[in-house]
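The values are calculated or read from the model by the stated rules, or taken from the named source; none is laboratory data. The model shown is predicted, which means the values in this text are computed figures rather than measured ones. We place every Cβ from the backbone using ideal geometry, glycine too, and count neighbours over all the protein chains shown. With ligands, DNA and RNA removed, areas are computed over all heavy atoms of the protein, side chains included. Shrake-Rupley method; radii C 1.70, N 1.55, O 1.52, S 1.80 Å.
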Amino acid sequence: MRLKLDIDPDIVAMMAAEVAAGERAVTAAMREAGTGLKTAWRAQITGAGLGQRLGNSIRNQTFPRSGDSIEAAALVWSKAPVIIGAHDTGPLIRSKTGFWLAIPTPAAGKSSRGGRITPGEWERRTGLRLRFIYRRTGPSLLVAEGRLNTKGRAVASRSKTGRGLTTVPIFLLVPQVKLSKRLDLAREAARAHEAVPGLIVARWVEGRLG
């Protein structure tokens, strides 16, 4: 007995079209999932009061960068991973030297490089010397003898008589700080992951109807 198998060209074309539809569906679904996760993370960051700038550090990219693939993937990441990671995990922060963490008060102002100023930079900028005050209860202090300007920053006194001179707390000294956990990025990532199969099916059906 002989069997003869003929492949209808229409079936081959249909299979090729179905594969192409699958590639488009998976790629579109991953693009939508990645964009959705980026938006959710940004909203969570700004909602936690961490600012639009930090929220905008969240980026996403779909692979392949061009064309469609049945193995398409989406990558969502932050350009400030250390800061984002700290607010996501709520770590215990200790001094690198194992002694004190110096937390600037409003009177210290900000660093010329942006962010928190260090005691060394503050002394170089103001020309004032910091003095250590130990406190048994509450954080110890680094203080300076100066005056407060109109912006509430400690500066050197210009008075020869000492008028307006006061002892100003510049830094609070603590052995460690527990950063509050303000984000839950894994929750949003899990939701995005769970939504992918449904997105693929929806895009596949949509492609057929289109």
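Worth a mention:
- Of residues in the range 73-117 being among the hydroxyl-bearing types (S, T, Y), surrounded by 14 or more Cβ atoms within 10 Å (Cβ to Cβ) and touching a residue at least 12 places away in the same chain (Cβ under 8 Å), the one nearest to L54 (Cα to Cα): S78
- Residues within the range 43-54 that are touching a residue at least 12 places away in the same chain (Cβ under 8 Å), within 14 Å of D184 (Cβ to Cβ) and open to solvent by 50 Å² or more (accessible area, probe 1.4 Å), tallied: 1
- Residue that is most open to solvent (accessible area, probe 1.4 Å), among those in the range 138-175 that are at pLDDT 85 or above, among the hydrophobic types (A, V, I, L, M, F, W, C) and in contact with a helix residue (DSSP H, G or I) (Cβ under 8 Å, 6 or more places away or on another chain): L142
- Checked against the criterion of being among the hydroxyl-bearing types (S, T, Y), crowded, with 18+ Cβ neighbours inside 10 Å and within 24 Å of I70 (Cα to Cα), the candidates T27, T35 yield just one match: T27.
- Selection within the range 15-42 - free of Cβ contacts under 8 Å to residues at least 12 places away in the same chain and over 18 Å from R187 (Cα atoms): M15, A16, A17, E18
- Checked against (1) over 12 Å from I170 (Cα atoms); (2) at pLDDT 90 or above, T105 passes all but a single condition, namely (1).
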